[in-house]
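**Q** Got a structure here, written out as structure tokens. Questions coming.
The values are calculated or read from the model by the stated rules, or taken from the named source; none is laboratory data. Please read these numbers as outputs of a predicted model, since none were measured by experiment. Surface accessibility is based on the protein's heavy atoms, side chains included, excluding ligands, DNA and RNA. Shrake-Rupley method; radii C 1.70, N 1.55, O 1.52, S 1.80 Å.
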Amino acid sequence: MEITSTKVQLDQLNSLNSLIEKKRKQMINNGLQYGFTNKRTIMISQELDKLINEVLLLGNLLTKECKE
């Protein structure tokens, strides 16, 4: 049961990492086109921050489960 849970979490982590890379590219492209202080660029940056925080939380959870 725990192995399945860990596999699902690893899959989520991989998906999040892919989303982070796409969002990062989107932010850079928007910033280059409209400026890095543009409202849309800042909004994308905030979305990127949320994704990174999700990865950190999930990583902490996985680390905790592996120690148990």
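**Q** Just want to confirm a number: the relative contact order over the chain, from Cα pairs under 8 angstrom separated by 6+ residues, in percent.
**A** Normalised by residue count, the contact order of the chain is 37 percent.
**Q** Using the heavy atoms of the protein chains and a 1.4 angstrom probe, tell me the accessible area per residue for the chain in square angstrom.
**A** 77 Å²
**Q** Also, I was wondering about something else. Do any of K7/K50; K25/K50; K22/K64; K7/K64; K23/K64 go past 25 Å between their Cα atoms, and which?
**A** From K7/K50; K25/K50; K22/K64; K7/K64; K23/K64, over 25 Å: K22/K64; K23/K64.
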